[in-house]
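For reference, the structure is listed below as structure tokens.
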There are 2 protein chains.
Amino acid sequence: MVVGLGPGDSDLMAPRAREAIETAQVIVGYKGYISLMDSALLEGKEIISTGMKGEMERCNRAIYKALGGRDTVVVSSGDPGIYGMAGLVLELLDKLGVAHELEVEIIPGISALAAAAALLGAPLMHDFAVISLSDLLTPWEVIIKRIEAALEADFVLVIYNPRSKKRAWQLGEALKRVKMIRGDDVPVGVVRNASRQGQEVKVVRAKDVDESSVDMLSIIFVGNSQTRVHANRMITPRGYLEKYSPPQEVEKG
Amino acid sequence: MVVGLGPGDSDLMAPRAREAIETAQVIVGYKGYISLMDSALLEGKEIISTGMKGEMERCNRAIYKALGGRDTVVVSSGDPGIYGMAGLVLELLDKLGVAHELEVEIIPGISALAAAAALLGAPLMHDFAVISLSDLLTPWEVIIKRIEAALEADFVLVIYNPRSKKRAWQLGEALKRVKMIRGDDVPVGVVRNASRQGQEVKVVRAKDVDESSVDMLSIIFVGNSQTRVHANRMITPRGYLEKYSPPQEVEKG
């Protein structure tokens, strides 16, 4: 099983995910996420955890554990299907020629983007594009082309992996396009550690983004041409209030 | 509070959402979703439910209940932040001039797109664009322009509200662009009633989509240029296996 842990707070993890972890014999995951998990949940289990860039090793070991008949769960933060571990597990199964030997179930989770959007207000009420700025596995030309296309077609933009120590200039290039195409004042939401310890939420204008405070634990939202800021919240209107007359007052309580 | 119910199965609803509903005095929601909820959860509460297109009335009544001092929860299927009720509640608060009188918390949920992706395999391992085909509140020219832009920039496409009885031709227009820009054979996933009763999951080629079986309970995924089908699953590679050498065999079990 590939299981989504949700953003971090245990009361945002689905009961189905919890049950899968409780009944598993082997838990496989990035050590940063394993350490966030309730330790009671891991008691008595074999834990396989590796660091950043250890994805392939983890998936490989998980597959061989499962082939040996052990109930194995690969955990992934947020939703395992959004830039998560689901794909690598399925790809590797296929590459190893064992896709038909193992039954893999994917249990979805509350994605980082949903958790962050809830903290910002309602930025995703209209069409949106989700883009990772990491050019480790994707050429930068493809990434920047996608950003420009999404901006020009007036999608709300959700940016994953916006900046790391070794990959610092890409965010500036992306924001340059944002300001050029959507203007200096378009609302931008920056959420760090959404719904987990160390949570930070900021709503600013594109021209005021503090790049140095952005890292790999951050996720960035760029509003579309209609997105507004009210009471420090980002709201992308869906169009109801523009189309239909405002509702009548009704009795309170 | 605006609370995400998740896709439908109660074991995919977050504990925080369940608790919010349990402790609320008033529950407000679309009658189709209220009827899917565990009836024990609703016992003894005031229920305000209306039909399709009753969103504005529901939000309005919820706000007045809350202004009257009642603990009020607006429920939204999937994640309330993705084409859900979060935006309308916040917009209406602002329009009514009471944004500072009420504290609104948004509790995220497992989105329909995450639930559907888990059933299809791993279509969202790379950048994706989410587009609603409903032209009730958005001009069709804007929608089709977004579809073309997303296809040309090689985003995976996620299509919400693909087809209704009164709105049948739009899907054909969208699929025409898909076939033109991405080819007849690009993998397309069609999921109906993801993780709730009546679930249907199909993986086909763009040229073989059966439009007549698609409705408002369906969500459609169009692969990017790299998306493949293996063992009837849609997999969009992230690029690990292309970049790094395949892993070594390890001991089973």
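Size of region B:100-218 along its principal axes in angstrom, Cα-based, largest extent first?
Principal extents (largest minus smallest coordinate, Cα): 53, 32, 32 Å.
Between B:V204 and B:E152, what is the label-to-label distance in nm when each label sits 7 Å out along the Cα-to-Cβ direction?
2.8
In Å, what Rg and Dmax follow from the Cα atoms of chain B?
Reported Rg and Dmax, both Å: 20.4, 65.
Using 1/(1 + (r/R0)^6) with R0 = 35 angstrom and r between the beta carbons of B:K53 and B:E19, what's the FRET efficiency to the nearest 0.05?
Efficiency, rounded to the nearest 0.05: 0.70.
Among bridges DSSP assigns within the protein assembly as shown, what percent are antiparallel (round to 5)?
Expressed as a percentage, antiparallel bridges in the protein assembly as shown total about 50.
On the full set of protein chains, 1.4 Å probe, figure out the accessible area of B:D208 and give it in Å² to the nearest 10.
90
Enter the accessible area of A:L96 (Å², nearest 10), with the probe set to 1.4 Å and all protein chains included.
Accessible surface of A:L96 is approximately 60 Å².
Determine the total buried accessible area between chain A and chain B, counting protein heavy atoms only with a 1.4 Å probe; round to the nearest 100 Å².
Buried area (both sides, nearest 100 Å²): 8000 Å².
When the Kirkwood hydrodynamic radius is evaluated over all pairs of different C-alpha atoms of the protein assembly as shown, what value in angstrom, to one decimal, is obtained?
23.0
Using only atoms on other chains, find how many Cβ atoms lie within 10 Å of each Cβ of peptide B:130-142 and report the average.
3
How crowded by other chains is A:11-24, given as the mean number of beta carbons from other chains within 10 Å of each beta carbon?
4
Going from most exposed to least, what order do B:M85, A:M216 have by accessible area with a 1.4 Å probe?
A:M216, B:M85
Counting heavy atoms of the protein chains only and a 1.4 Å probe, report the per residue accessible area for the protein assembly as shown as a whole number of Å².
Solvent-accessible surface per residue comes out at 40 Å².
With N set to the residue count of region B:11-155, report its C-alpha Rg divided by 2.2 N^0.38 Å to two decimal places.
1.19
Using a simple charge model, +1 on the beta-carbon of Lys and Arg, -1 on the beta-carbon of Asp and Glu, nothing else, what dipole does chain B show about its Cα centre, in debye to the nearest 20?
In debye, rounded to 20, chain B gives about 660.
Can you pull out the trypsin sites (Lys or Arg not before Pro) in region A:152-220 whose DSSP state is coil and whose Cβ has at most 13 other Cβ atoms within 10 Å?
Here the trypsin sites (Lys or Arg not before Pro) that fit, given the DSSP loop and packing criteria, are A:K165, A:K166.
Which value in deg cm²/dmol, rounded to the nearest 500, describes the helix-derived mean residue ellipticity at 222 nm for chain B, given -39,500 (n - 2.57) per DSSP H run of n ≥ 4 and division by the residue count?
Computed ellipticity for chain B at 222 nm equals -9000 deg cm²/dmol.
Nothing charged except the Cβ atoms of Lys and Arg (+1) and of Asp and Glu (-1): what's the magnitude of the dipole of region B:139-235 about its Cα centre? Round to the nearest 20 debye.
220
Other chains' Cβ within 10 Å of B:145-157 residues: what's the mean?
Counting other chains' Cβ atoms within 10 Å and averaging over B:145-157 gives 5.
Enumerate by residue number the GluC sites (Glu not before Pro) in region A:146-253 meeting two conditions: DSSP loop (anything except H, G, I, E, B), and at most 15 other Cβ atoms within 10 Å of the site's Cβ.
Loop-located and lightly packed - A:E249, A:E251.
Taking the Cα-to-Cβ direction at B:K165 and at B:L137 and moving 7 Å from each Cα, how far apart do the two end points lie in nm?
Modelled inter-label distance: 2.3 nm.
Once the other residues with Cβ under 10 Å from the Cβ of B:V191 are scored (Lys, Arg +1; Asp, Glu -1), what is the net sum?
Its environment carries a net charge of +1.
Tell me the net charge near A:V209. Cut-off is 15 Å between Cβ atoms, A:V209 excluded, with +1 for each Lys or Arg and -1 for each Asp or Glu.
It works out to a net charge of +1.
Pairs A:K202/B:K145; B:K45/B:K65; A:K53/B:K243: which exceed 23 Å Cα-Cα?
A:K202/B:K145
Test of understanding: extend the Cα→C-beta vector of B:I181 to 7 Å, then name every residue of region A:143-163 with backbone N under 18 Å from that spot.
Taking a point 7 Å out along Cα→Cβ of B:I181, the residues of region A:143-163 whose backbone N falls under 18 Å are A:143-158.
How much accessible surface does A:S10 have with a 1.4 Å probe, in Å² rounded to 10?
That residue has around 60 Å² of solvent-accessible surface.
For the modelled label position 7 Å from the Cα of B:H230 along Cα-to-Cβ, which residues of region A:41-63 have backbone nitrogen atoms closer than 17 Å?
A:55-63
Mind checking the dipole of the protein assembly as shown: about its Cα centre, +1 per Lys or Arg Cβ, -1 per Asp or Glu Cβ, Debye to the nearest 20?
For this selection, approximately 760 debye.
Using the alpha-carbon centroid of each, what span in Å lies between region B:158-225 and region B:232-253?
What the calculation gives is 28 Å, centre to centre.
The values are calculated or read from the model by the stated rules, or taken from the named source; none is laboratory data. Because the structure is a prediction, the values reported are computed rather than measured. Because the Cβ atoms are built from the backbone with ideal geometry, glycine has one as well, and the counts that use them run over all protein chains shown. Only protein heavy atoms, including side chains, enter the accessible area calculation; ligands, DNA and RNA are left aside. Shrake-Rupley method; radii C 1.70, N 1.55, O 1.52, S 1.80 Å.
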